[in-house]
Protein chains: 2
Amino acid sequence: MEKSLKVHVGPAAPPELEAAVVAGGGELAPAEEAAALVWFGAEPSRFPELDHPDLEWVQLPSAGIESWLASGVLREGVRFTSAAGTYAQTVAEHALGLMLAGARQLPAMARAESWQRPDRMRSLTGSTVGIIGAGGIGRALIEMLRPFGVTVLAVNRSGKPVDGAERTWPSEDADGMRQVLTESDFVVVAAPATTRTSKLIDADVLSAMKSDAWLVNIARGSLVDTEALVRALEEEEIGGAALDVTDPEPLPDGHPLFSHPRALISPHTANPQSLLLPALARRVQENVRRHIAGEPLLAPIDPTAGY
Amino acid sequence: MEKSLKVHVGPAAPPELEAAVVAGGGELAPAEEAAALVWFGAEPSRFPELDHPDLEWVQLPSAGIESWLASGVLREGVRFTSAAGTYAQTVAEHALGLMLAGARQLPAMARAESWQRPDRMRSLTGSTVGIIGAGGIGRALIEMLRPFGVTVLAVNRSGKPVDGAERTWPSEDADGMRQVLTESDFVVVAAPATTRTSKLIDADVLSAMKSDAWLVNIARGSLVDTEALVRALEEEEIGGAALDVTDPEPLPDGHPLFSHPRALISPHTANPQSLLLPALARRVQENVRRHIAGEPLLAPIDPTAGY
């Protein structure tokens, strides 16, 4: 007989999450009968309302768990999992869309009112992709890039090799960073915003990039020097830019980046509200399946360790 | 000692193809010394100029080989390979770009002159993709869709199951075709243009599609009823349309499909001239590698069978 798992979704119970429990092989149950709880729709402080001695596992709805740690309700004897990594897929998908839009000149096509074949058509297939800040989003993007036979050059904090990257450099290695920026056909910025990464992509970097390379920023606007980028586009120092984040953000109405033929502004929509619930539902389904199969759950939290 | 392979590129010798020979492990050589020939840049009738008794293998530059068959120069004792399938990757990449542009509302963003978050943001991840006419392009597209956990529904002539598709129906099965069209979040048209496929996507089909589904046509314009499509967009019967091919083609200046907020016209650029040579170079590299490794070559031609 197959193992079953009684799961409660609450305090709020969106139908998408209840469907995900069932799709993962679980059985919906009242809180007091459930061995597992998918928490949704209320502050952590209310967790004790649904807690009970036989509760084994709690799936939290967010990637960051600071509020859960602060509330002090995480307890031993229950396994907690976060939604860490859930949204990487959504953001990476957007990044790939921006890269392909750039390669295939879709912004120019979208603006055309007549049948004009743009020049500068490129292919992602066989190209070199540099990922600055290769964390969860970068890893999801690398999976999406596999069918295109690209060479991935990665930069991350530690320099620890990223699976699927030809080579990984630590962010403090200026020569390595330079090599990634100058050899890539697509430079994808996915690094955190810190004082060290402020205006990482400046006039100097832009002039060193390939003249047909596209810059894609799905991290934070502060990483790119906007004025230098506008100049680089005007002077054709780079192929184009697709930005989900900008500095300032929002960009003022009529800013030249809105209309430049080789620029695309996506107004901070890589991970829109409307896609949060579907992404969480996928994680719930997968973790329910893993729990039933006895496989390790994704994104486990160690409350005693604090993460 | 490693096996070597002397290869001649001719009569024309683009540097990209010579580099591909070397990258595949081959050695460039004059025609009379070469065991392999990568044919480029002249009519088949000139083949005998470079033919010689020790020639083992000839890589042709095109997918269709009608002109080679007609010229009667293919001879026994030499293995010929075509470029069949070479361009499927390029076209499938374009199709994926159009799908992501639709899902993420990139056409509306490209046209915006201010910071406006579009609604109707979708995700390719976890969606259902219908491929009408799942041949070489469809297979390449399915590979690209794997990281997105999509459900692929396929239609092809024979109904022979397509690898990676949840289910495959023969094109003559009207009920199966209907199911694909009504259940898909993305309908990708990749079927050949025949009298039977003319206006396959008509008013009836469009009204049966999901109200948020995107139609992507990278096959031939005749497969979609353009007037019915314009009406379906106006009446919000479908989510949007991205068309690389149109009827008529080219679309007349100022046609409503150029400016509809949820339409994107890509002027027959899925496989642009500028990407033909890079795609052929990838095939040359791979077949040179395979020849040296003693593996079966891609896209072999049987001159006696005529294909």
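Annotations for the structure displayed:
- All Cα-Cα separations within segment B:1-136 were binned at 10 Å from zero, giving a P(r) of 10, 29, 21, 15, 15, 9, 1, each value a whole percent of the pairs.
- Rounded to the nearest 20 debye, the dipole magnitude of segment B:88-265 is 480 debye, with +1 charges on Lys and Arg beta carbons, -1 on Asp and Glu beta carbons, and the Cα centre as origin.
- Chain A contacts chain B over a buried accessible area of about 4300 Å², both sides summed; the probe is 1.4 Å and only protein chains count.
- The residue in chain A that lies nearest, by its beta carbon, to the axis linking chain A with chain B is given here with the distance in whole angstrom as A:Ala110, 2.
- Cα Rg over Rh - chain A, Kirkwood: 1.05
- Between the listed residues A:Leu206, A:Ala154, B:Leu200, the Cα displaced farthest toward the positive end of the dipole of the protein assembly as shown, a dipole computed from Cβ unit charges relative to the Cα centre, is found at A:Ala154.
- Beta bridges per DSSP with both ends in the protein assembly as shown, % antiparallel, nearest 5: 5 percent
- Inter-chain Cβ neighbour average for residues B:174-182, partner chain, 10 Å: 0
- Using a Förster distance of 45 Å, the FRET efficiency for A:Arg196-A:Ala42 (Cβ separation, nearest 0.05): 0.75
- Debye equation applied to the C-alpha atoms of segment A:117-211, log10 I(q)/I(0) at 0.15, 0.20 Å⁻¹: -0.56, -0.96
- Helix A:88-103 axis, angle to chain A major axis (alpha carbon atoms, nearest 10°): 20 degrees
- Between copies, the label points at B:Asp204 (set 7 angstrom from Cα along Cα-to-Cβ) are spaced 6.7 nm, reported in nanometres from shortest to longest.
- With eigenvalues of the C-alpha gyration tensor scaled by 5 and rooted, segment B:218-307, Å: 40, 15, 12
- Which of A:Trp39, A:Ile132, A:Gly64, positive extreme of dipole for chain A (C-beta unit charges): A:Ile132
- Shielding by other protein chains, B:146-157, mean Cβ within 10 Å: 2
- Take segment A:241-307 with all the other protein chains still there, run a 1.4 Å probe, and you get 42 Å² of accessible area per residue.
- Counting all C-alpha pairs of segment B:72-140, share separated by more than 15 Å (%): 68 percent
- When B:Arg157 is represented by a point 7 angstrom out along its Cα-to-C-beta vector, the spacings to that point in the other copies are 5.7 nm, nearest first.
- Stokes-Einstein D in µm²/s, Kirkwood radius over Cα pairs - segment A:178-271 at 25 °C with 0.890 mPa s viscosity: 189 µm²/s
- Column: log10 I(q)/I(0), Debye, Cα scatterers of segment B:88-265, q = 0.09 Å⁻¹: -0.27
- Loop exposure criterion: GluC sites (Glu not before Pro), DSSP state outside H, G, I, E and B, at most 12 other Cβ atoms within 10 Å. Applied to chain A, the longest stretch between such sites is A:3-75.
- Two-decimal log10 I(q)/I(0) for segment B:173-218, as the Debye equation yields it once each C-alpha is a single scatterer, q = 0.23 Å⁻¹: -0.85
- Using the Stokes-Einstein relation with a Kirkwood hydrodynamic radius computed over Cα pairs, the translational diffusion coefficient of the protein assembly as shown at 10 °C and a viscosity of 1.306 mPa s comes to 60 µm²/s.
- If you wrap the Cα atoms of segment A:1-47 in a convex hull and average its projected area over all directions, you get 3.3 nm².
- Given R0 = 22 Å, the distance between the Cβ atoms of A:Gln273 and A:Ser71 translates into a calculated FRET efficiency of 0.40.
- For the protein assembly as shown, the carbon plus sulfur part of the accessible surface works out to 49%, probe radius 1.4 Å.
- Acute angle (nearest 10 degrees) that the helix B:136-145 long axis makes with the longest principal axis of chain B, alpha-carbon atoms: 60 degrees
The values are calculated or read from the model by the stated rules, or taken from the named source; none is laboratory data. Owing to the predicted nature of the structure, the values given are computational and were not obtained by experimental measurement. Glycine gets a Cβ as well: all are built from the backbone with ideal geometry, and neighbour counts include every protein chain shown. The area values use the complete protein model at the heavy-atom level, side chains included, leaving out ligands, DNA and RNA. Shrake-Rupley method; radii C 1.70, N 1.55, O 1.52, S 1.80 Å.
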